[in-house]
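The values are calculated or read from the model by the stated rules, or taken from the named source; none is laboratory data. For clarity, every value in this text was computed on a predicted model and none was experimentally measured. Glycine also receives a Cβ, built like all others from the backbone with ideal geometry; neighbour counts cover every protein chain displayed. Just the protein is used for accessible areas: all its heavy atoms, side chains included, with ligands, DNA and RNA removed. Shrake-Rupley method; radii C 1.70, N 1.55, O 1.52, S 1.80 Å.
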Amino acid sequence: MEYKSLVFFIIVLTFCSFGIPVFSQEAEDANMPVTLEDYLRIAALQNAGLESAFEQWKAALEQIPQAKTLPDPKFTYGYFIREIETRTGPQKQRFSITQTFPWFGTIESKTDIASTKAKVAYQNYEAKKLELFYNVKNSFYEYVYLGKAIDIARQNVELLKYLEEVARTRYATSTGGHPDIIRAQIELAILEDKLKSLEKLQEPIVAGLNSILNRKSDLPLNWPVLENTEPVTLEKEKLIDIMISNNPKLIAQDFDIASAKAGIELAKKKFYPDISLGLDWIQTDNAINPGVKDSGQDPIIAMLTVNLPIWTESYKAAEIQARTQARILSAHKQQSINDLVTQFEKSFYEFEDSARKISLYEDTLIPRAQEMLEASETSYKAGNLDFLNLIDAQRTLLEFKLSFEREFTKNMQNKAALEMLTGQNL
């Protein structure tokens, strides 16, 4: 399979495994992502870090045929500076070829190590892909939040301008005081400054997204479109089991342990000799004396060479080292499981906590704050409420709306973190 075809095949598997269409219909311009699927597609195709991990896997695959190969045969040439006169004639030059055969099972152990190393590299690629997708989702949802926060702030600027006009009207009719106009202007100036800060925040967020997509940092990005935001219910224990089974970092550590065990078998082979077989051919000229039997015939010698593995203390040390490495990797995997479970528990708590707050803001606080603002405006127009209370009602509604959007963003970001940990599209 050619390299480009292999890349395309891996990317198709990537998107199929996460339920993501390979080609987005929402964004006509492939270089201008809009939906989350667009961002994920472009990141999978263009992210430099993911490409590096893919190339590392590709390089690791090339180690397998190298491990299967016998050592290079050795060719030896010798020229007799002083010819050796034999009965059948003088010997002129000598040619030898030798092939070494490692002890039985040595090549298989080396191949197992190379194969498991390639599997480790692939799982590292999978882990890098999940981490990349999490970073894309995290930044994407932050960009969505910024757009909504700016929109809410703009709406509140218009509301404050309206309330300022109400205050001016009451002041003109002598039913309100001039301080009400000042308070409205102060609150408006504060909110306009906050709006400017939010608008300026677009530049670093866009630069971060462009970096993930391997684009120039100053290239513009349209405001994102959020799709598929239906709430989900997750079973914690089930997801933990899935994480332990599917997390590519843990799978990679399993292959590391398998590689270490193959290393133990390879270390054992050092106690046995390697065998070399060869042929030796000596060029011989005709004998000086005529009539000599076998005159000028070249001798051919079959050779057998065996190295002597006598340094047993060194071989024992290598085996002990290999066994120790296997135990180290096993302990490291257990610690990784513990760390991942801790990370999962934190993300799961924040996911459920934000979901609860979303319901609180959406079903209770925002409707009540909206109702309070409307009632406060009516009371103020009727002269039954202080303007400060009206501004406070407006500020409370603004804070609740922004808090709702922040909790919604946190919920989606923690869901993305759980997807990265479990390797599942939730």
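Evaluate the following for Ser109: is it of a type in the set (Ser, Thr, Tyr) and either farther than 30 Å from Ser197 by Cα or surrounded by fewer than 17 Cβ atoms within 10 Å (Cβ to Cβ) (or both)?
yes
I'm checking my understanding of the structure. Among residues of the stretch 46-55 that are touching a residue at least 60 places away in the same chain (Cβ under 8 Å) and surrounded by 15 or more Cβ atoms within 10 Å (Cβ to Cβ), which one is farthest from Glu131 (Cα to Cα)?
Phe54
Conditions (1) aromatic (Phe, Trp, Tyr); (2) under 28 Å from Gln413 (Cα atoms); (3) part of a helix (DSSP H, G or I), marked per residue:
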{"site": "Glu345", "(1), (2), (3)": "no, yes, yes"}
{"site": "Tyr349", "(1), (2), (3)": "yes, yes, yes"}
{"site": "Glu352", "(1), (2), (3)": "no, yes, yes"}
{"site": "Glu377", "(1), (2), (3)": "no, no, yes"}
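Quick check on Leu163: is it more than 23 Å from Ala417 (Cβ to Cβ) and of a type outside the set (S, T, N, Q)?
When the stated conditions are applied, Leu163 passes them.
Examine the stretch 60-68 for a residue that is at pLDDT below 95, closer than 30 Å to Thr422 by Cβ, surrounded by fewer than 20 Cβ atoms within 10 Å (Cβ to Cβ) and within 21 Å of the chain's Cα centre (by Cα), and state whether such a residue exists.
yes
Restricting attention to the stretch 112-133, report how many residues are charged (D, E, K, R), open to solvent by 40 Å² or more (accessible area, probe 1.4 Å) and within 12 Å of the chain's Cα centre (by Cα).
The number of residues fulfilling the criteria is 2.
Out of all the residues in the stretch 80-106, which are open to solvent by less than 30 Å² (accessible area, probe 1.4 Å) and free of Cβ contacts under 8 Å to residues at least 60 places away in the same chain?
Result: no residue meets the conditions.
Thr305 fails exactly one of the following numbered conditions: (1) at pLDDT below 95; (2) assigned to a helix (DSSP H, G or I). What is the number of that condition?
Only one criterion in (1) at pLDDT below 95; (2) assigned to a helix (DSSP H, G or I) is unmet by Thr305, namely (2).
I'd like the full set of residues that are farther than 30 Å from Pro224 by Cβ and surrounded by 14 or more Cβ atoms within 10 Å (Cβ to Cβ), limited to the stretch 156-178.
Answer for the stretch 156-178, where residues must be farther than 30 Å from Pro224 by Cβ and surrounded by 14 or more Cβ atoms within 10 Å (Cβ to Cβ): Leu163, Glu164, Val166, Ala167, Arg168, Arg170, Tyr171, Gly176, Gly177.
Output the number of residues of the stretch 329-355 satisfying the condition of being open to solvent by 50 Å² or more (accessible area, probe 1.4 Å) and either at positive phi or within 24 Å of the chain's Cα centre (by Cα) (or both).
Going through the stretch 329-355 one residue at a time, the tally reaches 13.
Just to be sure, is Ala252 farther than 30 Å from Asn414 by Cα and among the hydrophobic types (A, V, I, L, M, F, W, C)?
It is false that Ala252 is farther than 30 Å from Asn414 by Cα and among the hydrophobic types (A, V, I, L, M, F, W, C).
I'd like to know if the stretch 26-37 contains one or more residues that are under 18 Å from the mean Cα position of the chain (by Cα), at pLDDT 80 or above and open to solvent by less than 60 Å² (accessible area, probe 1.4 Å).
Yes, that holds for at least one residue.
How do the pairs read when you match residues in the stretch 205-223 that are more than 19 Å from Ala44 (Cβ to Cβ) and free of Cβ contacts under 8 Å to residues at least 40 places away in the same chain with residues anywhere that are open to solvent by 40 Å² or more (accessible area, probe 1.4 Å) and part of a loop (DSSP other than H, G, I, E, B), using Cβ under 8 Å and keeping only pairs 6 or more apart or on different chains?
Within 8 Å, the pairs are Ala207/Ser217; Ala207/Asp218.
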